[in-house]
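Every read-out reported here was derived from the displayed coordinates using simple, explicitly stated rules and does not represent laboratory data. Since the structure is predicted, the reported quantities are computational estimates derived from the model, not experimental observations. Positions of Cβ are generated from backbone atoms using ideal geometry, with glycine treated the same way; all protein chains shown enter the neighbour counts.
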Amino acid sequence: MSASSEERRVEATLMGLASRLEKAASVVPGAIVFRLTGPQGGDFRIEHDQRGTRLAAVDQLGAEAPLIEVMGDAETVRAILAGERDARTQFLEGGLRVRGDLRYLSNLATELGLLEAPL
C-alpha cells in the first residue's frame, strides 16, 4: 500500500468518525483534534457546530481550543476507531495520549462503541 493510499485510509476513518459523531446524542459543539504521528500522520480537526460535523486539517477550521486532543501513532488511532484494537488497552499501554474533557470523551466513546463502559 503506498503512503498516499495509507494516508487516505486514516482520513477515511476520521471522516467516518465525523459522520458517526454527527448522529451521536452526546456530541456537543466544539472540536476534537487528532495529532497523529508516523507515515500516515498529520494534524486533523473534527469540528461540530450548528452547521454539522466536518473533518479538516487543524489550520483550516476554528482556532478555538479543542474539547479533546488525541495524540498517537496514526495506524494505532485508525485501528482503535475501526474497532480493530481496544481503546482502553492502547491507552493504558501508552499507545495513545488524550487531554481535555475526559468525561465527554468517555461518553462519546461509549456511545460509539469504542469503549464497553465509561471511564
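Here are a few things to note about the model shown:
- The stretch between Ala82 and Val58, if pulled fully straight at 0.36 nm per residue, gains 6.5 nm over its current Cα-Cα span.
- The share of alpha-carbon pairs in the chain lying farther apart than 23 Å comes to 22%.
- With Cα atoms defining each centre, the stretch 89-114 and the stretch 11-87 are spaced 12 Å apart in the structure.
- Residue order, fewest to most beta carbons within 10 Å, for Leu36, Leu102: Leu102, Leu36
- Amide H contacts under 5 Å for Phe34, placed H, 5+ residues apart: Phe44, Arg45, Ile46, Val70
- Potential extension, Arg9-Arg99 segment - 0.36 nm per residue separation minus Cα distance: 29.9 nm
- Computed extension gain for Arg51 through Met71, at 0.36 nm per residue and net of the alpha carbon distance, reaches 4.6 nm.
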